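Structure record follows, encoded as structure tokens.
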Amino acid sequence: MKKRQLISILLLTCILCSSLILPSCNTQKSKYVAHSFDYFDTATTITGYEKDKATFDRTSGEILDLLFEYHRLFTIYHRFEGIENLCTVNELKYGVHRVVTVDNRIIEMLLYAKEMYRVTDGKLNIAMGSVLSIWHDYRTAGLDEPLEAKLPPVDMLTEAAEHTNIDALVIDEENSTVWISDPKTTLDVGAVAKGYAVEMVARELEAKGISGYVINVGGNVRTVGTKPNGEKWLAGIENPNTESDEAYVEYLQLAGESVVTSGSYQRYYTVDGKNYHHIIDPQTLLPAEGYLSVSVVCKNSADGDALSTALFCMPFDKGLALVESLEGVDALWIMSDGSKRYSSGFEKYATTP
Amino acid sequence: MRMNKEASTEARALDATKKVKNDIILISALLLLVLIAALALFLFRVTGDTVTVGVDGKLFGEYSLSEDRVVEIKNGNGYNILVIEDGKAYVREASCPDGICSSHRPIGHSGESIICLPNKVVVEVHTQSQSTPDIIA
């Protein structure tokens, strides 16, 4: 009898112990993160919920491989042995551009970018390479030698702007070729390629039934499904005022949507005490003014990328009208004075942590 | 609960009050032990907040956020000076030209990160708190 009592007590203790300890044991999926610096000249972060690290490594590895393929095709800065990409499309041979046979993914992306030129009334213009490369060179030089930092001469910019006609980009879908008819025109897809690539990769994951992932390429964020328990992702919109103690100005709940922020607070250089950021208005040829950041929430991450850049270069009224005219697209504008403006549907994503 | 009842019924049947008393002491002691263990676990988790430093995709180091220190992160010719202070981490100084990392506000919430693109450095906070964003855009 004494033995039975002892066993009972031991069992009781076991139950008590397990009921206290088990909930803290993680039998569910855990969160994993992978970083890379190899794509689109920016930082890539893959976040995913998986049952173990090996599964996450396999899926995140697949995502990174896919991103690398798009990077190789869309980059204007690097050449790769044996493939035609936008870098080789931009090159001149005997003073003119070649007619280049390219991968269908390049054709599709360029057609999309041309369509967005129309939608944004020319604010998203991938034929602006000549102007953007001048700013790129002056910014890089100014960051390397801050005391020598200079602004590009206006003459230089206006001359380059003569060669930014989107119609100089000739796309032959049937033969899968691309040709730039003006030798002084070059492509810069920096405002659309990342988002487009992220969207394509996200769709491949969705087609495979994968969920519980977030792809973030340089602030171009796309959620794939929800967290494993069906809970939505909590996204913080970064405070463009980096001096502030408030890290986020807004919180959003996302389940399969994308959020992309274009801001003047990250990539810039300083000339005579004034900051010049990297988003160049196609009309003024100068860094766009009026906002600290513009965030776009929508399903398609390519739209998010293209629209956030375009909205940054538009007066608020015009930008708001554009957003309201597009199905499933919402935006948050943070004005130069720090005040916030929202599109009508933005509220449905807003939350508090 | 069922076990408890069963145990006490057995004890009453025996009618040995002394034994029952001992059992109660034993159960209480075990309960107390479990509670202390749970409390220790809980406390350990709260102080388990760390910051990890990754260089070019590889783990460079992991440091407790509750311990002030300065870490020099070296990658080739580049460097970033990471400071951990009052439960937060920030980059005080770096070799990169753009200075995005060193102008970043101190981070201390789970999932927050400071990324230095030129030096391929990722500084990331890992805490148990739940109410911080999964994504920063």
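This model, with +1 at the C-beta of Lys and Arg and -1 at the C-beta of Asp and Glu, gives segment A:86-180 a dipole about its Cα centre of some 80 debye. In sequence order, what are the phi-derived ³J(HN,Hα) couplings for segment A:78-92 according to the Karplus relation 6.51 cos²θ - 1.76 cosθ + 1.60 with θ = phi - 60°, rounded to whole Hz, with x for glycine and proline? Each residue of segment A:78-92 in turn: 10, 9, 10, 3, x, 10, 8, 9, 5, 5, 6, 5, 6, 6, 9 Hz.
In the protein assembly as shown, taking the dipole from charged Cβ atoms about the Cα centre, the farthest positive-side position among A:263, B:53, A:66 is held by B:53.
Remark: relative contact order (chain A) = 14 percent; criterion is Cα-Cα distance under 8 angstrom and separation of 6 or more residues. Cross-link partners of residue A:299 among aspartates and glutamates, defined as those whose alpha carbon lies under 14 angstrom from its own and excluding same-chain residues fewer than eight positions apart: A:199, A:206, A:257, A:327, A:330. Does segment A:232-353 come out rounded, prolate or oblate, given a ≥ b ≥ c as the square roots of the eigenvalues of its C-alpha gyration tensor, rounded meaning a/c under 1.5 and, failing that, prolate meaning a/b above b/c? Oblate, because a/c is 1.5 or more while a/b does not exceed b/c. Gain on full extension, evaluated as 0.36 nm per residue between residue A:299 and residue A:54 minus their Cα-Cα distance, stands at 85.3 nm.
Assign one of three labels to the protein assembly as shown, namely rounded, prolate or oblate, based on the Cα gyration tensor with a ≥ b ≥ c the square roots of its eigenvalues; rounded applies when a/c is under 1.5, prolate when it is not and a/b is larger than b/c, and oblate otherwise.
It comes out prolate by the Cα gyration axes.
When only Cα pairs below 8 angstrom with a gap of at least 6 residues are kept, segment A:74-185 shows a relative contact order of 31 percent.
Subtracting the Cα-Cα distance of residue A:133 and residue A:243 from 0.36 nm times their residue separation leaves 36.6 nm of extension gain.
Under a model in which nothing but the beta-carbon of Lys, Arg (+1) and Asp, Glu (-1) is charged, the protein assembly as shown shows a dipole of about 3060 debye around its Cα centre. Within segment B:94-137, which residues have the backbone N less than 19 Å from the label spot 7 Å out from residue A:30 along Cα→beta-carbon, could you tell me? Counting only backbone N, you get B:110-112, B:124-131, B:134. Filter the cross-link list A:227/B:74; A:29/B:120; A:114/A:340; A:31/A:232; A:114/A:194 down to pairs whose alpha-carbon distance in this structure exceeds 24 Å. Too far apart for the 24 Å limit: A:227/B:74; A:29/B:120; A:114/A:340. Measuring between their Cα centroids, segment A:167-221 and segment A:131-154 lie 27 Å from each other.
Label sites at residue B:74 and residue A:68, each approximated as a point 7 angstrom past Cα along Cα to Cβ, lie 2.9 nm apart.
Compute the FRET efficiency between residue A:166 and residue B:40 as 1/(1 + (r/R0)^6), taking r as their Cβ-Cβ distance and R0 = 60 Å, and round to the nearest 0.05.
Working: r = 66 Å, r/R0 = 1.10.
In this case the efficiency is close to 0.35.
Measuring r between the beta carbons of residue B:67 and residue B:22 and using R0 = 41 Å, the FRET efficiency lands at 0.35. With K and R counted +1 and D and E -1, the other residues having a Cβ less than 14 Å from that of residue B:78 yield a net charge of -3. Per-residue mean of foreign Cβ neighbours for B:65-75 is 0 (Cβ atoms of other chains, 10 Å radius).
Where in chain A are the DSSP H helices whose C-alpha atoms run 30 Å or more along the long axis and whose mean Kyte hydropathy is at least -1.0? Those that pass (Cα extent of 30 Å or more, hydropathy at least -1.0) are A:53-74.
Each value in this text was obtained by applying a stated rule to the coordinates, not by laboratory testing. Source: prediction; values computed, not measured. We place every Cβ from the backbone using ideal geometry, glycine too, and count neighbours over all the protein chains shown.
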